Amino acid sequence: MAGALQLASCTSQPTSDGETMTSEQTATEKLPADVHSYAQPAEAVTKHLDLDIDVNFDQKTISGTASYLIDNLTGTDKIVFDSRNLQIENAYLGDNIEETTFELGETNQFMGQSLTVKIKPDTKKVTIKYKTSPDAAALQWLSPQQTAGKKHPFLFTQSQAILARTWIPIQDSPGIRFTYNAKVKVPKELLAVMSAENPVQKNSTGVYTFEMKQPIPSYLMALSVGDLVFEKVGPQTGIYAEPATIKAAAYEFAEMDKMLVAAEKIYGKYRWDRYDLLVLPPSFPFGGMENPRLTFVTPTVLAKDRSLTSLIAHELAHSWSGNLVTNATWDDFWLNEGFTVYFERRIMEELYGKEYADMLNVLGYQDLKHTIADKGADNADTHLKLDLEGRDPDEGLTDIAYEKGNFFLQNIEKAVGRARFDQFVNDYFNTFAFQSTSTDKFLDFLRSELIKGDEELAEKINIEGWVYSPGLPEGFTAPASSRFAKVEEAYNAWKSGKPAAQLTTKDWSSHEWLHFIRMLPETMSLQQMADLDKAFNFTNSGNSEVLAAWFLHSIKNNYATADKALETFLTNVGRRKFLVPIYKALNATPEGKKKALAIYAKARPNYHAVSTVTLDELLK
Ligand SMILES: [Zn+2]
């Protein structure tokens with residue numbers, strides 16, 4: 001283990017009236033209410049979790065105890081947790097496990113239920129005995145068939161945004177941080193890993209213990225259990241994967257140590273000791289999940305040429321934006337993702353040059369334009385600051401937070417220059433380290449530390465236009481890419497009749513191919529499709545980004561040659577980013593819808609709840 005810990009929440013700061021208060025407490029009090037949690041952290045708040053659980057693959061359940069050290073701030077007689085679809089068996093107080101009463105509130109579809117436990121003014125410890133349900137939304141239980149090795153079952157969690165409450169009774173708000181220890185019992189032939197200090201090999205007991213010393217919000221609680229092996233990459237970095245995947249993963253992510261060095265050069269020391277990756281089976285619904293110390297990542301970035309590793313830069317960047325400085329509520333989600341996309345592009349620029357990062361910006365801009373058009377130019381969901389009250393916060397998980405957030409920050413960088421902006425962001429991360437922060441708090445910091453009353457600068461930065469208005473502000477200049485200009489040349493030549501095989505495509509990366517495929521006309525003849533496919537082998541590409549973009553054309557143009565590959569892709573891959581546009585394209589015609597439903601019936605058991613919630617709605 002390397003690196004000294006810097007725990008801002010452990011440093012006491014005297015307040016003006018002479019009392020001592022941790023900076024974390026100060027932060028919590030000023031945060032806006034989280035409409036997606038029943039917890040009342042201003043009254044009684046959790047500070048540390050001791051989790052003691054059994055993972056049962058036969059029953060598809062997790063059972064055990066969640067024991068919390070709490071701060072009863074107001075001397076109240078109750079502490080409120082979030083729970084969804086959990087079987088709560090008992091609640092106890094203190095070290096002597098004195099039984100107490102608890103009450104479950106009314107059930108809301110995505111919020112679940114409040115779990116109110118009776119406490120005393122001097123209660124320091126609350127223990128809850130519980131069991132998960134086999135269809136807990138955070139948990140995906142995979143059969144051996146659904147893994148790369150085909151021999152052992154697999155389990156992984158996805159807690160973001162508000163799914164932690166489906167596998168742990170918890171104060172499930174990003175504004176509340178706690179440290180944790182865990183003891184996890186699993187079948188002896190499997191290894192357990194968490195968002196914590198991890199074992200590197202199996203032991204003979206199947207019991208593993210974990211420690212997370214840095215305070216984290218609940219959505220970063222993570223567990224995975226499977227036939228996993230570990231391979232070291234650098235002194236501080238390594239990879240967990242199934243034995244069948246580890247070699248390919250170690251090759252693909254060989255540069256992760258360099259990424260860590262590049263990131264530290266820009267925003268200072270990495271504060272979580274180790275940075276490891278866990279490569280999951282393909283049903284993982286996201287590209288990556290920034291679980292601290294152990295990013296969970298989709299195997300769909302194993303392109304064999306290291307061309308999709310900006311995703312790792314993204315998850316690594318979250319170690320600063322998101323995990324270190326966290327959005328206080330899901331309405332402030334852009335603070336997590338906008339900063340992370342901005343930082344991801346900076347890391348890629350540091351490693352591969354500006355031309356490379358420019359390509360990512362252009363692709364991101366295309367996604368953003370698409371999302372804005374999709375939602376409608378006046379839609380309030382295209383503001384950076386969201387209002388998700390009464391809705392599943394998952395609805396805020398769009399390119400607005402990611403790409404519009406990124407372009408807002410790039411716009412500020414342009415206005416003040418890179419050196420000054422870097423200093424500002426460094427100060428921001430240091431000031432709010434291990435705290436949660438809101439849009440308002442960030443904007444206050446921006447005004448006091450950067451704008452400083454400079455009206456001309458304030459106008460250029462245009463907070464109102466970016467944060468509280470729909471779409472993109474007037475005067476926004478779209479990003480450009482010199483490498484894509486060459487792709488456009490090739491594309492124009494093809495459009496004017498040059499055979500695909502004669503185009504200059506040497507050394508194109510995934511990004512150039514993606515740009516090329518996205519430019520292809522909506523309507524193409526079967527001969528054009530076949531010509532492209534023969535020259536570039538799109539249908540049989542091993543690159544998931546290329547495949548997903550190509551299938552959109554094959555569906556629209558009834559290019560039956562790709563049907564089998566499409567079905568294989570949809571039944572294997574569970575990454576929502578790919579699934580949604582493909583199923584949407586299929587769903588656009590009666591014939592396609594029939595096909596979509598037939599494939600979905602087969603593929604659905606392989607998708608995580610995060611994906612099926614969206615797709616059930618889409619396909620009704
Ligand atoms: Zn992210």
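The values are calculated or read from the model by the stated rules, or taken from the named source; none is laboratory data. Keep in mind the model is a prediction, meaning the values are calculated, not measured. All Cβ positions, even for glycine, are placed from backbone atoms using ideal geometry, and neighbour counts span all protein chains on display. Just so you know, the surface numbers come from the protein's heavy atoms only, side chains and all, with ligands and any DNA or RNA stripped out. Shrake-Rupley method; radii C 1.70, N 1.55, O 1.52, S 1.80 Å.
Tabulated values for the structure
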{"item": "Region 202-309: proportion of alpha-carbon pairs further apart than 17 angstrom, %", "result": "57 percent"}
{"item": "Efficiency of FRET between Thr505 and Asp387 - r from beta-carbon atoms, R0 30 angstrom, step 0.05", "result": "0.10"}
{"item": "Nearest-0.05 FRET efficiency for Val261 and Ala493, computed from C-beta distance (R0 35 Å)", "result": "0.30"}
{"item": "Residue order for Ile599, Ile97 - accessible surface, 1.4 angstrom probe, largest first", "result": "Ile97, Ile599"}
{"item": "Residues with amide H under 5 Å from that of Thr326, placed H, sequence gap 5 or more", "result": "Gln435, Ser436, Thr437"}
{"item": "Inter-probe distance in nm under a simple model that places probes 7 Å from Cα toward Cβ, at Ala530 and Lys118", "result": "7.8 nm"}
{"item": "Gain on full stretching of the segment that runs from Glu189 to Gln423 - 0.36 nm per residue minus C-alpha separation", "result": "79.4 nm"}
{"item": "C-alpha long axis of helix 510-519 to longest principal axis of the chain, angle in °", "result": "60 degrees"}
{"item": "Distance histogram for region 138-180 (every C-alpha pair counted, 10 angstrom bins, percent rounded to whole numbers)", "result": "26, 37, 23, 14, 0"}
{"item": "In degrees, nearest ten, helix 405-416 long axis to first principal axis of the chain (Cα)", "result": "90 degrees"}
{"item": "Chain lengthening between Lys486 and Thr209 when straightened (0.36 nm per residue, less Cα-Cα)", "result": "94.4 nm"}
{"item": "Helical mean residue ellipticity (222 nm; -39500 (n - 2.57) per DSSP H run of 4+; nearest 500) of the chain", "result": "-11000 deg cm²/dmol"}
{"item": "Mean projection area, nm², convex hull over Cα of region 150-278", "result": "8.7 nm²"}
{"item": "Region 44-168 - Rg and Dmax from Cα coordinates, angstrom", "result": "16.0, 53"}
{"item": "Length released on extending from Ala42 to Asp444, taking residue separation times 0.36 nm less the Cα-Cα span", "result": "142.5 nm"}
{"item": "Cα-Cα P(r), region 123-216, percent of pairs per 10 Å interval", "result": "13, 40, 37, 9, 1"}
{"item": "Accessible surface, region 282-357, averaged per residue in Å² (probe 1.4 Å)", "result": "17 Å²"}
{"item": "Kirkwood-based Rg to Rh ratio, the chain, C-alpha trace", "result": "0.96"}
{"item": "Amide H contacts of Leu223 (H built 1.01 Å from N, under 5 Å, at least 5 apart or other chain)", "result": "Thr157"}
{"item": "Cα-only radius of gyration and Dmax that characterise region 238-377, units Å", "result": "15.1, 48"}
{"item": "Cα gyration tensor shape for region 57-114, rounded if a/c is under 1.5, else prolate or oblate", "result": "oblate"}
{"item": "Ranked by how many other beta carbons lie within 10 Å on average, peptides 582-593, 469-480 from highest", "result": "582-593, 469-480"}
{"item": "In sequence order, calculated HN-Hα J values of region 209-217 (Karplus, 6.51, -1.76, 1.60; Hz; x Gly/Pro)", "result": "10, 9, 9, 10, 7, 8, x, 10, x"}
{"item": "Per principal axis, descending, Cα span of region 512-620 in whole Å", "result": "38, 27, 21"}
{"item": "Set of aspartates and glutamates near Lys556 by C-alpha distance (under 13 Å), chain-local residues within fewer than 8 positions excluded", "result": "Glu522, Glu591"}
{"item": "Cα convex hull volume per residue for region 392-493 (Å³)", "result": "162 Å³"}
{"item": "For the chain: relative contact order, % (alpha-carbon pairs under 8 angstrom, 6 or more apart)", "result": "12 percent"}
{"item": "Highest to lowest packing among 111-117, 446-452, 410-416, 216-222, scored as the average C-beta count within 10 Å", "result": "216-222, 111-117, 410-416, 446-452"}
{"item": "Förster radius 41 Å - calculated FRET efficiency between Asn90 and Ala373, Cβ distance, rounded to 0.05", "result": "0.20"}
{"item": "Along each principal axis, Cα extent of region 488-561, largest first, Å", "result": "27, 26, 18"}
{"item": "Label-to-label distance, nm, for residues given as Glu464 and Ala254 (7 Å Cα→Cβ offset)", "result": "5.4 nm"}
{"item": "In order through region 379-395: 3J(HN,Hα) via Karplus (6.51 cos²θ - 1.76 cosθ + 1.60), integer Hz, x for Gly, Pro", "result": "5, 5, 6, 9, 6, 5, 7, 9, 10, 9, 4, x, 10, 5, x, 4, 5"}
{"item": "Under 16 Å from Lys150, Cα to Cα: aspartates and glutamates that are on another chain or at least 8 residues apart", "result": "Glu189, Asp227, Glu242"}
{"item": "Violating pairs (Cα-Cα greater than 27 angstrom) within the set Lys404/Lys441; Lys375/Lys620; Lys188/Lys269", "result": "Lys188/Lys269"}
{"item": "Value in Å of the Kirkwood radius, where region 558-617 supplies the Cα pairs that are averaged", "result": "11.5 Å"}
{"item": "Net charge over other residues, Cβ less than 11 angstrom from the Cβ of Glu189 (K, R count +1; D, E count -1)", "result": "+2"}
{"item": "Over region 166-207, relative contact order from alpha-carbon pairs under 8 Å, at least 6 apart, %", "result": "37 percent"}
{"item": "Overall Cα dimensions of region 365-449 - principal axes, largest extent first, Å", "result": "36, 28, 18"}
